[in-house]
Structure formats: structure tokens, C-alpha cells
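Participant: Have a look at this one before I ask anything.
The values are calculated or read from the model by the stated rules, or taken from the named source; none is laboratory data. Please read all numbers here as calculations on a predicted model, not as lab measurements. In this analysis, Cβ positions are derived from the backbone assuming ideal geometry, glycine residues included, and neighbour counts consider all displayed protein chains.
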Amino acid sequence: MATPLPIQDQAPTVPPPAPERTGADESLLPDDLLHRLIAVGEVDLLVGIPTLNHAGTVGQVVRAVQIGFVKYFPRERTALINLDGGSTDGTPEQVRAASIDDFRPLLSAQPLRTLHRITTPYPGSPGRDGALRTLLAAADLVRAKACAVVSGDLENITPEWIDALLRPVYKESFDLIAPLYQRHKFDGLLISNLIYPMVRAIYGHRIREPLGPEFGLSGRFARALLSKERDARTLSAHGIDLTITAAAATGGYRIGQSFLGPKVHASRRDEPSLPEALRKTVGALFEQVERDAAFWPGRQGSAPLPLFGFEYAMRLEPIRINKRRMLETFRTGVRELSSLFETILSQNTRQAILQRAGMDDKAFRYPDDLWVKTVYEFAAAFHRGVLHRPHLIQALTPLYLGRACSFVLENADAGSEEVGKRIEALCLEYERQKPGLIERWNIKQ
């Protein structure tokens, strides 16, 4: 006879008088969630799953987390929190219905503790930032020793992800474990060409996926984030994942990476447009760099991070890219935004970009040194406020498409190892040109 997993669903109840709150901002923990967490008590490990209309995938994500707890942490006190942004497709019901029919084959001889499970809305408008703020406050309240976050729309998560994200924190005293994914060479072009190399050059840590969205963190780091951001202004801005990464780097916390393998998200109709994606990522990065301006100018070079997990390669689905459209958008942008570029870019950079826009398709390249100059000059202009910030980020869009197209053309026949070497060369160029960023950053208006 099958033995079901002992899961304790913390359902809403008639609450007793609210206890005095001494931790995070009260608005981060609604009374109902507060009382349910109090009923759970202290835990060793906490996993949060942010969701918004993920009914088709969240069940398998919850089951993977549950099996991960049973298989790798059977003696620990564990809890799973689904933080829902107002789903209308039955996502919370799928979370509550997810179960493991028979968990005994997963166990050795160890006893198994009860796994606590909560599904709850979080305060504020829908969005990952609000979910993570609530999770940090929950981790503080239940005194979790290690926490992890996994997305609710993952299609290929395995129980091993839970071990990979939690064990280095729980057993090895790391404070932040960033993910390392196996990507197709043309997947994540914005991360490879801008986010990763700039974060690396600015903060001095080679964090390959600084935007998560899966990660593990220690209880002490979660509490430090809440204490540092008590007014919630920084944590409530777009890019909370980047804020967490930057806080770990600037605060001297132990950072590592765990290899998770390929990452497959369910296709979403509400994916942001490229200008919106740039605003939320590059805009958030430029804002974070500005907030940390007292930290990064004195840092030189970068250091590798400890890597956990076994790296392996799987065949990935090909990615179709419309290079002609990218080039057309680049050339149109260079032509139509020339007056804006005079405000943002140096004369030499503008002339070099104009020359590239006149090249034919086959010969077109947007080389590393010119691209890094472009990014750094945009970052400095963002800081100096030469233009309304959303408009400035939007003006970067066609130039990014030109660089992305160049990267695709240059690496059309390259294998993953060769592409990795070229990304490394780009990162070193970001580090080499960092003094130029500092010089332009300090120019007075």
C-alpha cells in the first residue's frame, strides 16, 4: 500500500491576537500569512515559489520541491511557500493538490519530518519583486537557516535543483548560491553581452546569471537584506534579483554557483517587449550601479566563484533569429536617433557606430571594444541625467540589436567552447575599459 507524503497544509484559520512584530516591515506579512507562519514555527529550510497564472506547470514544480526535501533533507524541518500574484487560472488549487503518492522508495532509514506547505497571495501589485520581499520576511520570521527560490513556470525542474541550491548554503555556509544554466549559444544574448560582463566588471565577481531567477540564500543574508532595506524602496524597485546579487557582493558575503542544467520555462503570452525588457534589466542595472557608486570604482579585475554540481551537456533546441530585422532596426535607430546620441555618446563612438550602420549585411560587425564603450557611455549618461531615463534606455534598444546581430553572425559556426571563450574576451574588455567609465561617470554637468 502506498504511503503518501506527510504534508501539513497551513490553511487560513480564525487568528488569535496578532503578536508584536519585531522583524521585517509589517506590510510584507499580512495577518493571515503571519498566523500561518507562526503555526509552522521555526524551520531549517524554506523554498518559495512565486506564481502568476502558472496552473499548467506549478504542480510539477511543487512535486519536485517536495521530492527534493524528502530525498536530500529528510531530517530537516522544511516548508514550502507559494507566493501568488493573483492568479485567475487555479494556480493555488494546483499547489494544494500536488502530492507524492508513495515517498518510501525515496528514503533511506531516516525518519521523515512533516513538510509544511502554504499558498498565499502577497501584498502589493503582481510581480516577482513583491513575492520575494514577502518571502524574505517569511524566512526571517521562521528563522530559516537556508532558503531557495524556484520559478512556478519551470518545465524541467528536478529534485536535484533543490539540493543544488540549498546544500551549499545549509552545509557549506554560503550566503548566496546563484544558478548556472546550460544555455544555447544564442539564448540570453542580453545577459551574455551586457548584464553578466558589466556586473562582473563592476562588482568583481564572475556571477554568470546575476538575474537568477532561481537561487539559494542564507537566513543571515535574508535578515541583512531586510534590515538594510527597511524602507523597502530598493527592494521594491524593478530588479530585486539584481539587488540581492549586488548586496551579496558589496556586503562581503560568500557567493557560489550551482550548475542546474538546461532551463525550460513555459511559453508566456505576456512576455515583455524588448524595450520593456531593457528597461527592467538594463535600467535596473544602471540604477544599482549608481546606488553602489561608493563601492565599485576602487575594485579591479574579477574573481571566479566556487562551483557546485556536475556540469554536463545536453542537446538543446535550436533558436531561430531574424538577423535581417535586427540589422534593419539597428540602422533605422542610428538614423532616426542621431540627435539623441549626440547627447549620450562621445563623438568618436557616434562616428564608429555610424560607420558600422553603413556596412553590408555579410560584413557587418559591432566589435567588443565599441560595444563596451557604448554601454559605459550610456551608463554614465544615465547617471548624469542627460535624458529622461526611460527614453535613454529605449535609445539603447537598436544599438543592442546591432550588437546581438553581430554576436550571432560572428558565432554562427562556433561551438559552445569557442563561444564561451569569446564571452570571456568580452568580459575582459569590460574590465579593461572600466577606468573610462569612471572618468565619464565623474564628469560634471
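Participant: If I filter segment 280-288 for residues that are in contact with a Leu (Cβ under 9 Å, 6 or more places away or on another chain), surrounded by 15 or more Cβ atoms within 10 Å (Cβ to Cβ) and assigned to a loop (DSSP other than H, G, I, E, B), do I get at least one hit?
Facilitator: no
Participant: Note down all Cβ pairs under 6 Å where the first residue falls in segment 141-161 and is closer than 23 Å to Asp32 by Cα, the second is crowded, with 22+ Cβ neighbours inside 10 Å and among the polar types (S, T, N, Q), and they're at least six residues apart or on different chains.
Facilitator: Gly152/Thr51
Participant: Quick check on this structure: which one of Glu76, Glu93 is in a helix (DSSP H, G or I), more than 23 Å from the chain's Cα centre (by Cα) and at pLDDT 95 or above?
Facilitator: Going through Glu76, Glu93 in turn, the sole match is Glu93.
Participant: Let me ask another. Taking the criterion of being outside the structural domain of Pro159 (by TED's automatic domain parsing), free of Cβ contacts under 8 Å to residues at least 40 places away in the same chain, farther than 15 Å from Ser406 by Cβ and not polar (S, T, N, Q), would at least one residue in segment 297-315 satisfy it?
Facilitator: Yes, some residue in segment 297-315 is outside the structural domain of Pro159 (by TED's automatic domain parsing), free of Cβ contacts under 8 Å to residues at least 40 places away in the same chain, farther than 15 Å from Ser406 by Cβ and not polar (S, T, N, Q).
Participant: I need the full set of residues from segment 252-266 which are among the β-branched types (Val, Ile, Thr) and farther than 19 Å from Arg299 by Cα, in order please.
Facilitator: The answer is Val264, and nothing else.
Participant: Scanning segment 386-416 for residues that are in a helix (DSSP H, G or I) and among the small types (Gly, Ala, Ser), which turns out surrounded by the most Cβ atoms within 10 Å (Cβ to Cβ)?
Facilitator: Across segment 386-416, the extreme among qualifying residues is Gly402.
Participant: Could you check how many residues of segment 121-135 are surrounded by 24 or more Cβ atoms within 10 Å (Cβ to Cβ) and assigned to a helix (DSSP H, G or I)?
Facilitator: 5
Participant: For the condition surrounded by fewer than 23 Cβ atoms within 10 Å (Cβ to Cβ) and not hydroxyl-bearing (Ser, Thr, Tyr), what is the one hit in Val419, Val375?
Facilitator: Val419
Participant: So is Asn156 polar (S, T, N, Q), assigned to a loop (DSSP other than H, G, I, E, B) and either at pLDDT below 95 or assigned by TED's automatic domain parsing to the domain that holds Glu76 (or both) or not?
Facilitator: Here the answer is yes, as Asn156 does meet what is asked.
Participant: Report, by residue number, each residue of segment 64-86 that is small (Gly, Ala, Ser) and touching a Leu at 6+ places or on another chain (Cβ under 6 Å).
Facilitator: The answer is Ala79, Gly85.
Participant: Now a separate question. Among what's in segment 340-363 and is in a loop (DSSP other than H, G, I, E, B) and surrounded by 13 or more Cβ atoms within 10 Å (Cβ to Cβ), pick the residue that is nearest to the chain's Cα centre (by Cα).
Facilitator: Filtering first and then ranking leaves Leu345.
Participant: Restrict the check to segment 182-190 and report whether at least one residue is aromatic (Phe, Trp, Tyr) and not in a loop (DSSP other than H, G, I, E, B).
Facilitator: Within segment 182-190, not a single residue is aromatic (Phe, Trp, Tyr) and not in a loop (DSSP other than H, G, I, E, B).
Participant: In addition: Here are Ala144, Ala138: which of them is within 21 Å of Leu29 (Cα to Cα), among the aliphatic types (A, V, I, L, M), part of a loop (DSSP other than H, G, I, E, B) and at pLDDT 95 or above?
Facilitator: Ala144
Participant: Something else now. Only one residue in Ile191, Ile177, Ile195, Ile202 is under 27 Å from Gln60 (Cβ atoms), in contact with a helix residue (DSSP H, G or I) (Cβ under 8 Å, 6 or more places away or on another chain) and modelled with pLDDT of 95 or more, so which one is that?
Facilitator: Being under 27 Å from Gln60 (Cβ atoms), in contact with a helix residue (DSSP H, G or I) (Cβ under 8 Å, 6 or more places away or on another chain) and modelled with pLDDT of 95 or more holds for just one of Ile191, Ile177, Ile195, Ile202, which is Ile177.
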